[in-house]
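Inspection log for the structure reproduced underneath, given as structure tokens.
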Amino acid sequence: MAGIQPRGFVWIISGRVALSERVGGQGLQHRRVRRSEEIDWLREEGFTDILSLLEGNQNLASYLEAGIRPHHNPLPTEYEDVEAETVFRSLETILSDTRNVLLVHRDHLDDTLVGFMGGYLVRSGMIQDPIMATATIQEIAGRPLGPEGRRLVTANLV
């Protein structure tokens, strides 16, 4: 198998949705060759879609060229509830097709990224209790969830 796994890669729902740091690395660490290797790995692992939460449109053309559907919800460091709701709706739309395998990324595997996944677990009905969703997402991601991430787990429950 060619390619390399993206940094910070973790399956949230095995074979269905995963998180990672920005493909190819972030900022000054970004390498075009690494990006290409990581995209190859994602394609070979069966990823059909990538949701980028980066403020800029980095890598979107590369994903499309590799046959992976790019989705872009630019999320600034300081975001509003309406922007968070847009991300949740994108997750719901993409994952409504059971054939889709999704990678969600941001520059880093941070509270916001992990919190969105905990919130998705509650909103989708996979986990009813936000406290249990918080504990579950912390265990899966292998990191504690701070106040921002915890806020997203219970954000705008439908």
How tilted is helix 111-123 with respect to the longest principal axis of the chain? Cα atoms for both, answer in degrees (0 to 90, nearest 10).
60
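Classify the range 51-136: rounded, prolate or oblate, from the alpha-carbon gyration tensor (a ≥ b ≥ c, eigenvalue square roots; a/c under 1.5 rounded; otherwise prolate if a/b is larger than b/c)?
Note, shape of the range 51-136 comes out oblate.
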Point-charge dipole on Cβ atoms (K/R +1, D/E -1) for the chain, about Cα centre, debye to 20
340
Rounded to the nearest whole number, the per residue volume of the convex hull around the C-alpha atoms of the chain in Å³ is 106
Two pseudo-spin positions, 7 Å from Cα along C-beta at ARG43 and at ALA135, lie apart in nanometres by 4.3
Mean residue ellipticity at 222 nm from the helices of the chain, using -39,500 (n - 2.57) per DSSP H segment of n ≥ 4 over the full residue count, to the nearest 500 deg cm²/dmol?
-12500 deg cm²/dmol
Put a dot 7 Å past each Cα toward the Cβ at ASN100 and GLN128; how far apart are the dots in nm?
2.7
By its C-alpha gyration tensor, with a ≥ b ≥ c as the square roots of the eigenvalues, how is the range 9-82 shaped: rounded for a/c under 1.5, else prolate for a/b larger than b/c, else oblate?
oblate
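Would you please put 133-142, 114-123 in order of how densely packed they are, using the mean number of other Cβ atoms within 10 angstrom per residue and starting with the highest?
Details: 133-142: 18.1, 114-123: 25.2.
My ranking of the peptides, most packed first, is 114-123, 133-142.
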Cα axis of helix 81-95 to longest principal axis of the chain: angle in degrees, 0 to 90, nearest 10?
60
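Of the DSSP beta bridges with both residues in the chain, give the percent that are antiparallel, rounding to the nearest 5.
Working: 3 of 16 bridges.
Of those bridges, close to 20 percent are antiparallel.
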How far apart, in nm, are two points set 7 Å out from the Cα along the Cα-to-Cβ line at SER36 and at GLU148?
3.4
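Any read-out appearing in this document is the output of simple, stated calculations on the displayed coordinates, not a laboratory observation. From a predicted model like this one, the values you see are computed outputs, not experimental measurements. Ideal geometry is used to build each Cβ from the backbone, glycine not excepted, and the neighbour counts take in all protein chains shown.
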